[in-house]
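Report on the structure given below.
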Amino acid sequence: MIEVLAQLSRGPVFLAGEMLECAIVFTKPLSATSTSASNEMLAWASAQIHCQFHASENRVALPPSDDSKHDVQAENETVFVPNRGERGQCILSTPPKILFCDLRLDPGESKSYSYCETLPVDGPPSFRGQSVKYVYKLTVGCQRVSSPIKLLRVPFRVLVLHGLKEYQLPQDEVVAPSNPFLEEEERVKKDSRLADLATELLMAATSRRSLHVYNISNTRGKVGKFGIFKTVYKIGEDILGTFNFSEGDIPCLQYSVSLQTEESIQEEFQRRRGQPVSYSTHARHQESCLHTARSSFSLPVPLSSTPGFTTNIVSLKWRLHFEFVTSRDSGEAHTVPENPSETITWTGVEQIEVDTFSWDLPIKVLPTNPVLASYVSQFSSTNSITI
């Protein structure tokens, strides 16, 4: 028996274009019956990253896939197919890297290997929607002699920052002589510069503040005003908004604000022409506001949510969805009697005629620092199997 353990060094969330590092340890446990002749041997081990795409057959019409060949190859026990047995299509993969050949382990002995790979910048982000899913995994395959291949899968999350792909990092090292002993140091520097650049781009896009004011009205008149200081956010940020009903002609009885994503399938891949968009609500605020002059709300953008993106198959956009309930009766303001000794009782009406209407405000949601997103990730940094 050999234990295989894979541990992502920095956490399970990465930006596309970053370097993924994983420590892979092979251990032969020491038992009471172990002897010097109890050593075991593995023929080989390889590692590879791939992105698996799965679509709902009821919503997405895809062309025939060539992935059926993987099922044929899987019958050959010497072929390493990282997505063997998984649903959907493998739409992206890195070249496989051999960790070792002919590894012999004595009882109590361990061997560690380091796997490093740059995540492709042209792939989709990790996403689990109602119509499609994009799932990234690092797969470690290993095989004993004359035994089936065993696979250890390490799922992780990828965030895509648009604009990072077009940026070219400074090529300071081009004029310097190549030194193989400095390759590791240069790789770390490059990865650090990429993270710093991503932080700068995100800060530049989300730190701009300018008050945007929108008039709220229906067919009967003006209800109030809505103000928001920005419309571009990072996941993990709070969306703050304010209402001013003091200048409205129509009384607002209640309002609600929902933070939503809209997932739409590109027209050529729709199962039915004109099929509706899928909506998901991530946060909601509701408040009764009759006789309220001003009100505000705060909605958090979940760190676990997917920023907006577009592929050839699906598009994900963010919006604030507003719903208002207004009175058809303008209502009369209650007056306080001039004589303090006079008693007046105010009671609410039992029935009131209302109008309802809604409004959508598009917003943009971008990624955040992947280290922060790792704190709430559903994925574990460590995975293991026994072979």
| task | Report yes if some residue within the range 299-307 is open to solvent by 40 Å² or more (accessible area, probe 1.4 Å), within 30 Å of I235 (Cβ to Cβ), part of a strand (DSSP E or B) and out of contact with any Lys or Arg (no Cβ under 6 Å at 6 or more places or on another chain); otherwise report no. | result | yes
| said: Looking at G236, G308, can you tell me which residue is in contact (Cβ under 8 Å) with a residue 24 or more places away in the chain, over 30 Å from G221 (Cβ atoms) and touching a helix residue (DSSP H, G or I) at 6+ places or on another chain (Cβ under 7 Å)? | reply: G236
| field | Output for the range 228-254, where each listed residue is part of a strand (DSSP E or B) and touching a Gly at 6+ places or on another chain (Cβ under 9 Å) | value | I228, G241, T242, F243, N244, C252
| task | Inspect the range 113-128 for any residue being among the acidic types (D, E), over 19 Å from the mean Cα position of the chain (by Cα) and modelled with pLDDT of 90 or more and give the result as yes or no. | result | yes
| message | I'm told Y136 meets every condition in (1) open to solvent by 70 Å² or more (accessible area, probe 1.4 Å); (2) at pLDDT 95 or above except one. Can you identify the failing condition by its number? | response | (1)
| request: Go through the range 2-30 and give me each residue that's among the aliphatic types (A, V, I, L, M), part of a strand (DSSP E or B) and under 29 Å from A43 (Cβ atoms). | output: V4, L5, A6, L8, M19, L20, A23, I24, V25
| note | Across (1) in contact with a helix residue (DSSP H, G or I) (Cβ under 8 Å, 6 or more places away or on another chain); (2) surrounded by fewer than 16 Cβ atoms within 10 Å (Cβ to Cβ); (3) at pLDDT 90 or above, C90 clears everything bar (2)
| note | Over the range 253-305, the set of residues aromatic (F, W, Y) and modelled with pLDDT under 95 is F269
| query | Within the range 254-278, can you find the residues that are touching a Phe, Trp or Tyr at 6+ places or on another chain (Cβ under 9 Å) and open to solvent by 30 Å² or more (accessible area, probe 1.4 Å)? | reply | Q254, E262
| note | Just one listed residue, out of T326, T343, is hydroxyl-bearing (S, T, Y) and either assigned to a strand (DSSP E or B) or touching a strand residue (DSSP E or B) at 6+ places or on another chain (Cβ under 9 Å) (or both), and it is T326
| field | Subset tally (residues that are surrounded by fewer than 11 Cβ atoms within 10 Å (Cβ to Cβ) and within 35 Å of the chain's Cα centre (by Cα)) for the range 209-223 | value | 4
| note | Among the residues of the range 139-160, the number that are under 14 Å from the mean Cα position of the chain (by Cα) and surrounded by fewer than 21 Cβ atoms within 10 Å (Cβ to Cβ) is 1
| message | Please count how many residues of the range 261-291 are farther than 20 Å from I239 by Cα and in contact (Cβ under 8 Å) with a residue 60 or more places away in the chain. | response | 7
| message | Which condition from (1) without any contact (Cβ under 8 Å) to a residue 60 or more places away in the chain; (2) closer than 25 Å to K137 by Cβ is the one that F297 breaks? | response | (2)
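The values are calculated or read from the model by the stated rules, or taken from the named source; none is laboratory data. If you're wondering where the values come from, they're calculated on a predicted model, not measured in any experiment. Note: ideal-geometry Cβ built from the backbone for every residue, glycine included; neighbour counts use all protein chains shown. The protein model used for the area step is the full one, side chains on, heavy atoms only, and it has no ligands, DNA or RNA in it. Shrake-Rupley method; radii C 1.70, N 1.55, O 1.52, S 1.80 Å.
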